[in-house]
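Right, one structure below, let's go through it.
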Amino acid sequence: MRLGKVRVHVFALLFGSLCTVASAQVPARPFRLGLLVLNTMPVEQPVIALLAARGFAEGKNLVIERRRAEGHPERLPAMAADLVREKVDVLVAFTDAPAFAARNATRDIPIVVWGAHDAVGTGLVASLARPGGNVTGVESLAPVLEAKRVQFLRELRPALNRLAVLHNPADQGSAVHLRVARTAADPLGINVLPIAVATREDVEPAMTEMNRQRPDAMLVFTDPMTNFAFDRAAEVARARRLPTACEFREFVHRGCLFSYGGTLAEFNDRAASLIVQILQGARPSDLPIQQVTRVELVLNRGIARQIGVTFSETMLLRADAVIE
């Protein structure tokens with residue numbers, strides 16, 4: 001009887017050990033992350049790196065499905081539907097047009113939006129505190145700050161009368177930006193001249209239109225397509241000696257006269273945090289839309305010299321950084 005018990009005990013130990021080894025050799029199902037982008041953006045890789053730093057690394061416990069529309073917004077709905085068929089655990093939409101395509105494709109899969117522009121005003125979510133549904137993300141302060149950018153441009157170019165606005169009309173947030181910019185410009189007697197870039201093919205016609213309009217300054221709304229068009233637009237602006245205003249300091253390094261807005265680092269960090277929370281079980285409806293808290297002013301003194309603009313002492317003292 002005792003021998004039988006020993007044999008049963010030994011068998012149980014061996015069986016338990018085999019199960020432990022088997023479970024250690026079979027990894028848990030990796031999470032699937034879908035990225036939906038209108039045009040390649042410099043923030044995709046930093047967000048992925050931040051996820052890896054938080055324990056979700058591509059090739060280990062994370063599979064990333066990338067869908068890029070290469071500057072063609074009409075491709076976004078089909079790409080969003082494709083990510084839904086891939087059964088991704090989280091769909092990350094970079095800016096408004098991909099966000100709306102994603103939301104139209106699914107009301108079940110969690111969606112994190114990188115850089116929504118007035119998410120409530122555009123109808124993307126019900127409220128910032130309680131977004132409801134399957135959408136959350138990071139809200140840009142860009143529309144609110146357009147008024148200050150217009151004021152800075154008037155300070156730098158007192159005779160400013162005609163303001164070219166580089167924007168993507170296919171982006172739902174663009175209408176919000178334009179409304180704020182016009183509200184700020186009208187009392188100053190400034191005429192807003194929209195210069196539209198909705199696809200890659202629009203860039204050169206847009207530059208021709210900007211030259212025809214003969215503006216006194218240029219304001220750039222941040223969007224994947226304006227990002228694509230910016231280097232060419234900055235070239236035209238320098239040739240016409242136009243002061244230019246942008247949102248992020250990265251544009252200043254590419255030839256913008258000044259930027260006034262949030263930081264890409266904060267956008268990326270907040271987006272990565274939301275993705276991780278959802279992968280860990282949180283529901284997007286319970287995650288408030290995040291808002292960037294840091295606003296910086298960055299000046300490009302080299303461009304100022306090229307176009308004959310002088311920064312005031314007040315503006316220089318207020319600046320967070322001055323690039324020579």
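The values are calculated or read from the model by the stated rules, or taken from the named source; none is laboratory data. This is a predicted model, so every value here is computed, not measured. Ideal geometry is used to build each Cβ from the backbone, glycine not excepted, and the neighbour counts take in all protein chains shown.
Of these, Ala102, Ala93, which one is in contact with a Lys or Arg (Cβ under 9 Å, 6 or more places away or on another chain), crowded, with 23+ Cβ neighbours inside 10 Å and closer than 27 Å to Gln280 by Cβ?
The match here is Ala93.
Taking the condition of a type in the set (Gly, Ala, Ser), surrounded by fewer than 17 Cβ atoms within 10 Å (Cβ to Cβ) and closer than 23 Å to Val138 by Cβ, does Ala239 pass?
no
Looking only at segment 254-286, which residues are over 17 Å from the mean Cα position of the chain (by Cα) and not aliphatic (A, V, I, L, M)?
Let us first name the residues in segment 254-286 that are over 17 Å from the mean Cα position of the chain (by Cα), namely 254-258, 276-286.
If the condition is that a residue be over 17 Å from the mean Cα position of the chain (by Cα) and not aliphatic (A, V, I, L, M), then Arg254, Gly255, Cys256, Phe258, Gln277, Gln280, Gly281, Arg283, Pro284, Ser285, Asp286 are the ones that fit.
State whether one or more residues within segment 68-87 are basic (Lys, Arg), outside the structural domain of His167 (by TED's automatic domain parsing), in contact with a helix residue (DSSP H, G or I) (Cβ under 9 Å, 6 or more places away or on another chain) and closer than 22 Å to Asp108 by Cβ.
No, segment 68-87 has no match at all.
Do we find a residue being among the polar types (S, T, N, Q) and closer than 20 Å to Val322 by Cα anywhere in segment 236-249?
Yes, segment 236-249 contains at least one residue that is among the polar types (S, T, N, Q) and closer than 20 Å to Val322 by Cα.
Would you check if Val47 is outside the structural domain of Arg249 (by TED's automatic domain parsing), under 19 Å from the mean Cα position of the chain (by Cα), surrounded by 15 or more Cβ atoms within 10 Å (Cβ to Cβ) and among the β-branched types (Val, Ile, Thr)? Give the steps one after another, and end with the answer.
On the way: outside the structural domain of Arg249 (by TED's automatic domain parsing): yes; under 19 Å from the mean Cα position of the chain (by Cα): yes; surrounded by 15 or more Cβ atoms within 10 Å (Cβ to Cβ): yes; among the β-branched types (Val, Ile, Thr): yes.
Considered against the rule, which asks whether it is outside the structural domain of Arg249 (by TED's automatic domain parsing), under 19 Å from the mean Cα position of the chain (by Cα), surrounded by 15 or more Cβ atoms within 10 Å (Cβ to Cβ) and among the β-branched types (Val, Ile, Thr), Val47 comes out as yes.
With the structure loaded, tell me whether Ala234 is of a type outside the set (D, E, K, R), free of Cβ contacts under 8 Å to residues at least 40 places away in the same chain and out of contact with any Cys (no Cβ under 9 Å at 6 or more places or on another chain) or whether it fails that test.
no
Results for (1) more than 28 Å from Pro110 (Cα to Cα); (2) in a helix (DSSP H, G or I), shown as yes or no for each residue.
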position: Asp231; (1), (2): yes, yes
position: Ala265; (1), (2): no, yes
position: Arg270; (1), (2): no, yes
position: Thr293; (1), (2): no, no
position: Val298; (1), (2): yes, no
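Being buried (at least 17 other Cβ atoms within 10 Å of the Cβ) and at pLDDT below 95 is the filter here, so list the residues in segment 290-308 that pass it.
Listed by number, the residues that qualify are Gln290, Val292.
Out of Ala185, Ala198, I need the residue that is among the small types (Gly, Ala, Ser), crowded, with 19+ Cβ neighbours inside 10 Å and part of a helix (DSSP H, G or I). Which one?
That would be Ala185, the only listed residue that is among the small types (Gly, Ala, Ser), crowded, with 19+ Cβ neighbours inside 10 Å and part of a helix (DSSP H, G or I).
Scanning for something closer than 22 Å to Leu166 by Cβ and touching a His at 6+ places or on another chain (Cβ under 6 Å), does segment 119-140 turn up at least one residue?
Start the filter on segment 119-140 by keeping residues that are closer than 22 Å to Leu166 by Cβ, which leaves 121-122, 139-140.
Filter again for touching a His at 6+ places or on another chain (Cβ under 6 Å), leaving 140.
Scanning segment 119-140 turns up at least one residue that is closer than 22 Å to Leu166 by Cβ and touching a His at 6+ places or on another chain (Cβ under 6 Å).
Among (1) over 20 Å from the mean Cα position of the chain (by Cα); (2) within 12 Å of Leu219 (Cβ to Cβ); (3) outside any loop (DSSP other than H, G, I, E, B), there is one condition Leu160 misses while meeting the rest; what is its number?
Result: Leu160 fails condition (3) only.
Please specify each residue of segment 275-291 satisfying the condition of being assigned to a helix (DSSP H, G or I) and of a type outside the set (A, V, I, L, M, F, W, C).
Within segment 275-291, Gln277, Pro284, Ser285, Asp286 qualify.
From the set of residues in segment 131-157 that are assigned to a loop (DSSP other than H, G, I, E, B) and either crowded, with 24+ Cβ neighbours inside 10 Å or not small (Gly, Ala, Ser) (or both), which is nearest to the chain's Cα centre (by Cα)?
Leu141
Could you grab the pairs with beta carbons closer than 8 Å, sequence gap of 6+ or different chains, first residue in segment 62-81 and free of Cβ contacts under 8 Å to residues at least 40 places away in the same chain and within 9 Å of Ala101 (Cα to Cα), second one aliphatic (A, V, I, L, M) and assigned to a helix (DSSP H, G or I)?
Close Cβ pairs satisfying both conditions: Pro77/Ala101; Pro77/Ala105; Ala81/Ala105.
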